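Presented below is the structure to which this report refers.
The values are calculated or read from the model by the stated rules, or taken from the named source; none is laboratory data. Keep in mind it's a predicted model, so treat the numbers as computed, not measured. Because the Cβ atoms are built from the backbone with ideal geometry, glycine has one as well, and the counts that use them run over all protein chains shown. When the accessible area is computed, the model is the full protein with side chains, heavy atoms only, and any ligands, DNA or RNA have been set aside. Shrake-Rupley method; radii C 1.70, N 1.55, O 1.52, S 1.80 Å.
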Amino acid sequence: MASKKAPQPKESQVAGTDTPDRANTNAKLQSLEAFRSDATGQALRTNQGVKVADNQNSLKAGARGPSLLEDFIMREKITHFDHERIPERIVHARGAGAHGYFQSYGCHAELTKAGFLQDPEKITPVFVRFSTVQGPRGSGDTVRDVRGFAVKFYTDEGNFDLVGNNMPVFFIQDAIKFPDFVHAVKPEPHNEMPTGGSAHDTFWDFVSLVPETAHMVIWAMSDRAIPRSLRMMEGFGVHSFRLVNAEGVASFVKFHWKPRQGVHSLLWDEAQKLAGKDADYHRRDLWEAIETGNCPEWELGVQVVAEADEHKFEFDLLDPTKLIPEELVPVTPLGKMVLDRNPDNFFAEVEQVAFCPGHIVPGIDFSNDPLLQGRLFSYTDTQISRLGGPNFHEIPINRPIAPNHSSQRDAMHRMTLDKGRAAYEPNSIDGGWPKETPPAAQQGGFESYEERIDANKIRQRSASFADHFSQARLFFQSMSASEQQHIIKAYSFELGKVEREAIRVREVNEILANIDLQLAAAVAGNLGLPAPKAGTVKVKVGKPAQSKALSQMNHPGNIGIKGRKVAVLVANGVDGASVDKVVKALEAQSARPMLLGPTSAPVKTADGRRLPVDAAMEGMPSVMFDGVWVPAGKASLEALQGSGVARHFLLEAYKHLKPMGLAVDGKLLLNTLGLKEDAGLLLGDQQKVFEQFFKAVEGHRVWVREAAAESVPA
Ligand code: HDD
């Protein structure tokens, strides 16, 4: 299981290092994009370029008479409006996106000839779209669901799309089952419920009947399915792909994105509340992070397996329901991605972007994973109906920066004006152009990896795909105690919503019991079912028995509290100096303090200063923050103590295990709330206390508080 060693990053290239001329590159890129329209200082015109004199009144026969059909200005406007919507994506309809760039850490020529992985000086533009899977375009961001993590690399050899998820495995093994799976998870057909969730009969009916789903379902029941932020998710290419070098030597690879922000999640109660309090929570978080200069970064890495080692694992590398434990093959870092520019227009960019796993460049190739093979067909096909024809590659966000001359012509919405007479190849009329390019490395023609296949044509699943439970067990047994409890609660919640008892029983006895008997017993107990005594199949004991990389607790990130949001609760009579001190300390860490008052009106400090606030506490509840601070000031503390909204804010933050800090005279407030100090509930505003608070915010949750928080009614 040798993994090839790719060059390690030099200090100056590691993620987080600023690229000084990035602003110039961005400006240059945008100036090349003639399709970005800025109407500042421009006259209002029709689509045909005619200046409009009156955009308030339609043309009528008399001021009180009927409208006239000849009003081409109104007709053009309304016709366009009538056709403004396009079909949403079949899956992954709800999404948010951003522009950025990828930079290789070094030259990875030993692994691949792909140009964007050869030169650390080269900046490759990227566009990323994150998404949920189940819900429609307008559904909430924080529902329990898999998140899409799709990256389009605009390389100078063509576009490469890495269309992955925030989980390293998938529900099914063969693409022919995808429509069944999606029909089962989507809202039920008779009443179109539930929106954005899998807690319903058809989903659990399907997954309890199809054991290959067991591994992915346990990921979906884990905290990974309710990320704190799109910035705080890992990404995975899922399938085994191939990297091919200039000598034609291929290796299997699994792609990984590791966030510098750490991997963090919401709590279930928090996620549910956020879906109502701010349905745009994730897209807003990404947008604001970029606008405030907290540009998220990920490291792209690969697990590399030599072709000769393909069969050395206990599982099949072609089976997309399996991951390669990082203990067996570590992740080799290749480069970093930074997202530093928000879209100008959501529809034109985020909605119209079209990804396809089949978009690869020389140096990258597919494996025979039967799920991947089906995907190669599905994506282009779906764009044809979603984006109205086969010319979707001409929509600005999808255009490669590499030239793309071909003999393809016409079809709906063709935008290129192809010159010349010969739309065929070979031709002599147009000098034979455009011509093929030989595949040799220097010339760059795409050449498929030559793989010997000698087989019977057959509809069959390989026997090497038969083990469905050992990695689900590995996942459960690699979790911390808290994470295991969350998984138990998630299964109990979801199955508790299933109306048919037979489905609950089947999931507990035939799926969970094969994963882990304690998990099955705990869920059975919560559903009032007898605990199964044994599984229904013999499960292989896999190696390793635990994998540290699977637990989020082992991905704390390495940027401190940069970009984390802290609520600072103030009311009239607050001690102005105490507010300034905490705000300054947080800003010095590049965190985002926000002052919340009883209303949106400014408050008066004890020394009479007018202190503007960012929002009212009711408008920005605790679920929107990573931590809470209460500055000193007797009158302010008394006001908070007397306010139901403020008390609820603090109790809820405590219940959600948020780091909290109060200046010393906040003790009384704590006592009234019945809360006790702990590793993340701190009193005092000396630098030492601030530092403890920052550490707690960096750790994201005060896990030691979990038992005490159970009884808090928020
Ligand atoms: Fe898919 C969209 C990820 C299996 C068919 N998929 C879509 C998107 C992501 C994924 C991130 C949204 C892209 C965007 O933001 O526009 N899909 C995956 C992953 C899979 C997977 C990681 C398994 C490893 N998908 C899969 C299969 C099929 C599809 C097996 C069909 C056989 N997926 C589609 C699609 C979508 C799509 C219907 C809907 C919209 C689109 O493609 O552009 O073609």
Got a number for residues in the range 107-136 being in a loop (DSSP other than H, G, I, E, B) and either under 24 Å from Gly197 (Cα atoms) or open to solvent by 10 Å² or more (accessible area, probe 1.4 Å) (or both)? 13
Is one or more of the residues making up the range 187-206 out of contact with any Cys (no Cβ under 6 Å at 6 or more places or on another chain) and within 14 Å of the ligand (Cβ to nearest atom)? no
Filter the range 341-362 down to the residues that are away from the ligand (no atom under 16 Å from the Cβ) and surrounded by 20 or more Cβ atoms within 10 Å (Cβ to Cβ) and list them by number. Val361, Pro362
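Here is a yes/no grid of residues against (1) part of a strand (DSSP E or B); (2) surrounded by fewer than 19 Cβ atoms within 10 Å (Cβ to Cβ); (3) over 18 Å from the mean Cα position of the chain (by Cα):
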residue	(1), (2), (3)
Asp145	no, no, no
Tyr154	yes, no, yes
Phe170	no, no, no
Glu212	no, no, yes
Among the hydrophobic types (A, V, I, L, M, F, W, C), open to solvent by less than 20 Å² (accessible area, probe 1.4 Å) and either away from the ligand (no atom under 14 Å from the Cβ) or under 30 Å from Ala306 (Cβ atoms) (or both): does that describe Leu371? yes
Residue set Phe130, Phe153, Phe102; condition aromatic (Phe, Trp, Tyr), in contact with a strand residue (DSSP E or B) (Cβ under 9 Å, 6 or more places away or on another chain) and within 10 Å of the ligand (Cβ to nearest atom); output residue Phe130
Filter the range 214-250 down to residues that are surrounded by 24 or more Cβ atoms within 10 Å (Cβ to Cβ) and over 25 Å from Val143 (Cβ atoms) and give me whichever is nearest to the ligand (Cβ to nearest atom). His239
Within the range 446-534, which helices (runs of 4 or more DSSP H) (wholly inside it) include 2 or more residues that are over 14 Å from Ser222 (Cβ atoms)? 481-496, 501-506, 517-527
Give the residue that is modelled with the lowest pLDDT, with candidates limited to residues of the range 19-60 that are under 18 Å from Pro396 (Cα atoms) and among the acidic types (Asp, Glu). Glu33
Is it the case that some residue within the range 624-638 is open to solvent by 10 Å² or more (accessible area, probe 1.4 Å), outside the structural domain of Gln272 (by TED's automatic domain parsing) and closer than 27 Å to Ala275 by Cα? yes
